[in-house]
Amino acid sequence: MFKAVFPGSFDPPTLGHMNIIERASFLFDELVVIIAENRQKRYFFSAQERLDMMQELVKPWKNVSAIIWDHLIVDYMKQENIRLMVRGVRGMDDFSYEFELSMMNKALYPHIETLFMTTDPKYFVLRSSSIRELASFHGDVSAMVPPLVAEALHRKNP
Ligand code: ADP
């Protein structure tokens, strides 16, 4: 079995995230999307809201599941004996950050490999934080997020 994790905040999930998930679902037997819950971070959507959205969104792919995790990602990987972590990169800024993160994870757990997947050019400008900001000004986010996420953003920004 070739298993991988795709961790992130997904606050909220965007079409960029979903594109990585779709492409990764074809590469691995099983993909676990890890909704990170870091107690020191403030999120716009609660972990449960992010999980509910993600579980609905991954329904088309039978080999993709989603969970909430509030410890180190590598601890989940150790526990589940998963060696591959997928990360998406939109450009050089993402890459330098992701590269450092992968070095840190490798130091924590040398058995893991980080696989970088480049964004689809259609989605390279999509960033959860900008989408949240746009939604707060009632901007149109329908080309950036799945419809259920657009609705959730509208509910939070009446
Ligand atoms: P962000 O708030 O930057 O969207 P997340 O923690 O939710 O970040 O992202 C989870 C993973 O998805 C990260 O590896 C991030 O680089 C990647 N990602 C985020 N947006 C995109 C996108 N538009 N295209 C490809 N990968 C993306």
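We did not get these values from a lab; they are worked out from the coordinates using the rules stated. Predicted model, so just to flag it, every value in this text is computed and none were measured. Cβ placement follows ideal geometry from the backbone for every residue including glycine, while neighbour counts extend to all protein chains displayed.
Taking the stretch 133-158 as the range and being among the basic types (Lys, Arg) and within 19 Å of Ile20 (Cβ to Cβ) as the test, no residue passes.
State whether one or more residues within the stretch 118-141 are within 9 Å of the ligand (Cβ to nearest atom), part of a strand (DSSP E or B) and out of contact with any Asp or Glu (no Cβ under 6 Å at 6 or more places or on another chain). Yes. Look at Ser65 and say whether it is away from the ligand (no atom under 11 Å from the Cβ), touching a residue at least 12 places away in the same chain (Cβ under 8 Å) and of a type in the set (Ser, Thr, Tyr). It is true that Ser65 is away from the ligand (no atom under 11 Å from the Cβ), touching a residue at least 12 places away in the same chain (Cβ under 8 Å) and of a type in the set (Ser, Thr, Tyr). Just the residues that are more than 10 Å from the ligand (Cβ to nearest atom), closer than 17 Å to Glu80 by Cβ and free of Cβ contacts under 8 Å to residues at least 60 places away in the same chain, please, taken from the stretch 1-36. Met1, Phe28, Asp29, Glu30, Leu31, Val32, listed by residue number. Looking at the structure I just gave you, is Ser102 among the hydroxyl-bearing types (Ser, Thr, Tyr) and closer than 18 Å to Phe10 by Cα? The answer is no for Ser102. Of the residues making up the stretch 45-57, just one is outside any helix (DSSP H, G or I) and within 13 Å of the ligand (Cβ to nearest atom), namely Phe45. Of the set (1) charged (D, E, K, R); (2) closer than 18 Å to Ile131 by Cα; (3) more than 14 Å from the ligand (Cβ to nearest atom), all apply to Arg42 but (3). Which one is surrounded by the most Cβ atoms within 10 Å (Cβ to Cβ), of the residues in the stretch 1-36 that are charged (D, E, K, R) and either within 13 Å of Met117 (Cβ to Cβ) or within 13 Å of the chain's Cα centre (by Cα) (or both)? That would be Asp11. For the stretch 78-99, the set of residues classified as within 13 Å of the ligand (Cβ to nearest atom), part of a helix (DSSP H, G or I) and of a type outside the set (Phe, Trp, Tyr) consists of Met92, Asp93, Asp94, Ser96, Glu98, listed by residue number. Being under 24 Å from Lys122 (Cα atoms) and in contact (Cβ under 8 Å) with a residue 40 or more places away in the chain is a description that does not apply to Pro60. Before we move on, is Asp75 in contact with a strand residue (DSSP E or B) (Cβ under 9 Å, 6 or more places away or on another chain), away from the ligand (no atom under 16 Å from the Cβ) and in a helix (DSSP H, G or I)? Yes.
So if I check each of Arg50, Arg83, Arg90, Arg42, which one is within 30 Å of Arg155 (Cα to Cα), of a type in the set (Lys, Arg) and surrounded by fewer than 16 Cβ atoms within 10 Å (Cβ to Cβ)?
Working: Arg50 fails: surrounded by fewer than 16 Cβ atoms within 10 Å (Cβ to Cβ); Arg83 fails: within 30 Å of Arg155 (Cα to Cα); Arg90 fails: surrounded by fewer than 16 Cβ atoms within 10 Å (Cβ to Cβ).
The conditions single out Arg42.
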